[in-house]
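First the structure, in the form of structure tokens, and then the observations on it.
The values are calculated or read from the model by the stated rules, or taken from the named source; none is laboratory data. Owing to the predicted nature of the structure, the values given are computational and were not obtained by experimental measurement. Don't worry about glycine lacking a Cβ; one is built from the backbone with ideal geometry, like all the others, and counts go over all protein chains shown. The accessibility values were calculated without ligands, DNA or RNA, using every heavy atom of the protein model including side chains. Shrake-Rupley method; radii C 1.70, N 1.55, O 1.52, S 1.80 Å.
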Amino acid sequence: MTDLIKSADWWRDAVIYQIYPRSFRDLNGDGDGDLGGVIERLDYLRTLGVDAVWLSPFYPSPLADGGYDVADYRAIDPRIGTMEQFDELVARAHGLGIGVIIDIVPNHTSDQHPWFREAMAAGPESEAAKRYVFRRGKGEHGELPPTNWLSNFGGSAWEPCGDGWYYLHLFASEQPDLNWDNRDVHEEFLDVLAFWCDKGVDGFRIDVSHGLAKDLREPLRDRIDPTFMAPEAADGSDPLWDRDAVHDIYREWRELFNRYTPAKYAIGESWMPFTSRIFQYAQPDELGAVFDFSMSKAAWNRDEYRETIERTHRFALDAGTAPTWVLGNHDVPRIASRLGLPSGATIETWVTSNGTEPPVDPRLAARHARAAALVMLGLPGTAFVYQGEELGLPEDFDLTEDQIQDPNWERSGHYFKGRDGCRVPLPWTSEGPAFGFNDTGKAWLPQPDWFAGYAADIQDGDATSTLSMYRHAVALRRDLVANGSDFSFDWLDGDAYAAPLLAWRLPSGMTVVANYSDDETLPLPQEMQVLASSDGTIEPDTTVAAIPPACTLWLR
Ligand code: TEU
């Protein structure tokens with residue numbers, strides 16, 4: 001293990017790279033990415049300079065929800081690899097100074113998990129069924145669901161299972177929700193977490209961390225607005241989301257994590273309104289960190305970024321944790337398309353099947369995405385990079401209805417096309433089978449021809465490429481941006497950096513300036529030395545007196 005991961009605070013200023021294993025690199029050529037592929041590309045990750053990888057689920061799964069339906073929490077899906085390979089991956093990553101974080105899915109299991117199979121075999125009134133949430137429906141014969149609760153992916157959250165009985169699933173019907181009032185569930189997850197801690201993983205990303213604890217007292221309560229997939233009030237009173245009891249679970253987990261040296265890292269995924277309540281998950285006696293997705297929702301707009309950054313920073317520091325910065329992940333449209341939408345257009349208008357091409361301006365999207373990357377990497381805190389972001393890879397809108405695998409598509413009655421467009425296997429080479437994803441050309445989602453233009457190999461030696469920009473910025477970040485547990489920086493306001501510029505200075509002396517105008521080159525207060533630039537034509541170590549449109553510069 002390297003020095004980095006030996007310190008308990010290693011994650012606070014880290015760059016964490018998210019790997020979606022099925023789509024990263026497929027060494028055995030079966031069309032699904034695998035651990036062998038990750039091991040093979042550890043050098044690529046080292047060159048990129050990331051401090052840790054977070055692996056999305058690799059567990060045995062029927063893939064009803066891309067692996068977030070887990071059938072066995074202590075094993076590797078044979079399509080993805082073996083436990084020996086996992087051990088090798090952890091050892092080799094540590095040898096290179098790269099930490100390994102894995103995904104834990106505690107809100108629900110797969111319907112193929114032995115517990116759920118046992119429950120279904122024994123019936124809804126059995127002891128086995130008490131690990132899940134089974135209820136009789138309303139109406140004389142239970143013909144109506146027990147409550148108005150809806151699935152996040154569309155439709156009722158209650159799946160009928162015979163004789164007027166239903167089980168609860170807040171996601172796909174193949175993802176039955178666990179009953180966290182049942183002590184078995186607590187014990188099982190403590191055991192699963194210890195299993196992976198003992199294997200040497202450095203931390204966990206907790207799926208749907210604001211779920212788990214539900215108000216299951218009888219009679220179950222309807223929700224006021226069932227279409228609202230977040231807590232109805234910021235006071236823990238929602239029957240499903242962000243209940244106070246969920247925090248007891250994480251206090252238990254933290255005790256376990258702290259038994260290891262260094263203590264294990266944990267970050268919650270609580271998709272809920274961006275209030276300070278999110279940061280309760282990040283308290284030191286709980287998970288310790290939580291995602292703030294504000295930036296992945298923000299439009300490329302100076303005031304929105306200023307407000308978002310300020311809020312995330314303040315909430316995080318108040319909670320005694322690191323700010324977290326996210327531009328994209330496997331659930332949201334890729335940044336290199338999203339930031340090319342005309343102002344006012346929302347995500348919904350283009351992940352739905354309304355029959356129109358999303359109105360993305362590809363040139364602007366690419367410029368904005370690069371500028372946003374240098375904004376994000378120029379902020380102290382934990383920065384997350386989703387695989388392909390470093391290539392400037394856009395969203396794939398070309399997937400046809402018969403190719404879509406995301407359960408959102410069926411469950412929304414063919415309204416939401418879903419999240420597959422950001423999960424297409426990565427292009428490693430501009431030529432050859434599956435753009436170097438593997439040697440056979442098979443791919444679980446087809447890659448569009450234009451992926452060739454984004455391949456890692458053609459960006460590799462090109463100093464102006466997005467990949468080179470990321471490598472350069474991540475390398476500089478350690479000395480110039482990361483500043484321990486302090487996370488301080490000063491906004492530069494006033495005439496010298498007036499809107500549409502956004503600027504701040506770090507304790508290292510580096511100044512970050514972002515120009516949010518799309519057409520104006522704006523003067524800088526004096527000639528400055530370029531450390532990094534999102535505009536490939538401005539080379540590091542040159543001097544500039546102005547900043548081009550839609551650009552971020554790191555300056556001294
Ligand atoms: O996502 C949780 C979540 O709240 C999602 O519904 C998210 O809002 C949605 O994907 C946006 O369309 C996590 C995982 O990241 C996601 O991939 C899983 O599908 C989900 O949990 C269920 O496990």
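Report yes if residue 297 is touching an Asp or Glu at 6+ places or on another chain (Cβ under 8 Å) and among the basic types (Lys, Arg), otherwise no.
Here the answer is no, as residue 297 does not meet what is asked.
Matching residues to (1) of a type in the set (A, V, I, L, M); (2) over 31 Å from the mean Cα position of the chain (by Cα); (3) surrounded by 20 or more Cβ atoms within 10 Å (Cβ to Cβ):
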position	(1), (2), (3)
137	no, yes, no
140	no, yes, no
149	no, no, yes
162	no, yes, no
168	yes, no, yes
173	no, no, yes
184	no, no, no
198	no, no, no
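Can you pull out the residues in region 200-219 that are assigned to a loop (DSSP other than H, G, I, E, B) and buried (at least 18 other Cβ atoms within 10 Å of the Cβ)?
201, 202, 207, 208, 209, 210, 211, 212, 213, 214
Residues checked against (1) in a loop (DSSP other than H, G, I, E, B); (2) crowded, with 21+ Cβ neighbours inside 10 Å:
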position: 270; (1), (2): yes, yes
position: 277; (1), (2): no, no
position: 303; (1), (2): no, no
position: 310; (1), (2): no, no
position: 322; (1), (2): yes, yes
position: 329; (1), (2): yes, yes
position: 337; (1), (2): no, yes
position: 343; (1), (2): yes, no
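In region 129-149, which residue that is outside any loop (DSSP other than H, G, I, E, B) and out of contact with any Lys or Arg (no Cβ under 8 Å at 6 or more places or on another chain) is nearest to the ligand (Cβ to nearest atom)?
132
For region 61-106, how many residues are among the small types (Gly, Ala, Ser) and without any contact (Cβ under 8 Å) to a residue 24 or more places away in the chain?
1
Does residue 231 meet the test of being open to solvent by less than 40 Å² (accessible area, probe 1.4 Å), within 16 Å of the ligand (Cβ to nearest atom) and either among the small types (Gly, Ala, Ser) or free of Cβ contacts under 8 Å to residues at least 60 places away in the same chain (or both)?
yes
Out of 160, 176, which single residue is closer than 24 Å to residue 416 by Cα and touching a His at 6+ places or on another chain (Cβ under 7 Å)?
176
Let me confirm something: among 499, 482, which residue is in contact with a helix residue (DSSP H, G or I) (Cβ under 6 Å, 6 or more places away or on another chain), part of a loop (DSSP other than H, G, I, E, B) and open to solvent by 10 Å² or more (accessible area, probe 1.4 Å)?
It is 499.
Might you let me know whether region 165-183 holds any residue that is away from the ligand (no atom under 14 Å from the Cβ) and either in contact with a Ser or Thr (Cβ under 7 Å, 6 or more places away or on another chain) or without any contact (Cβ under 8 Å) to a residue 12 or more places away in the chain (or both)?
yes
Among helices (runs of 4 or more DSSP H) lying entirely in region 354-473, which contain 3 or more residues that are buried (at least 20 other Cβ atoms within 10 Å of the Cβ) and either within 16 Å of the ligand (Cβ to nearest atom) or in contact (Cβ under 8 Å) with a residue 40 or more places away in the chain (or both)?
362-377, 407-411
Quick check, is residue 284 touching a Gly at 6+ places or on another chain (Cβ under 9 Å) and surrounded by fewer than 17 Cβ atoms within 10 Å (Cβ to Cβ)?
yes
When you look at residue 192, is it in contact (Cβ under 8 Å) with a residue 24 or more places away in the chain and more than 16 Å from the ligand (Cβ to nearest atom), yes or no?
Criteria not met by residue 192.
Any chance region 391-404 includes a residue that's of a type outside the set (A, V, I, L, M) and under 16 Å from the mean Cα position of the chain (by Cα)?
yes
Residue 476: part of a strand (DSSP E or B) and closer than 25 Å to residue 314 by Cα, yes or no?
No; evaluated as a whole, the condition is false for this residue.
Can you pull out every residue in region 1-22 that is open to solvent by less than 10 Å² (accessible area, probe 1.4 Å) and more than 19 Å from the chain's Cα centre (by Cα)?
Within region 1-22, just 5 meets the criteria.
Only one of these conditions is not met by residue 266: (1) open to solvent by less than 10 Å² (accessible area, probe 1.4 Å); (2) in contact (Cβ under 8 Å) with a residue 60 or more places away in the chain; (3) part of a helix (DSSP H, G or I). Which number is it?
Tallying (1) open to solvent by less than 10 Å² (accessible area, probe 1.4 Å); (2) in contact (Cβ under 8 Å) with a residue 60 or more places away in the chain; (3) part of a helix (DSSP H, G or I), residue 266 fails exactly one: (3).
Listed here are the residues, each with its yes/no results for (1) acidic (Asp, Glu); (2) under 28 Å from residue 135 (Cβ atoms).
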residue	(1), (2)
219	no, yes
231	no, yes
242	yes, yes
246	no, yes
265	no, no
275	no, no
284	no, no
289	no, no
293	no, no
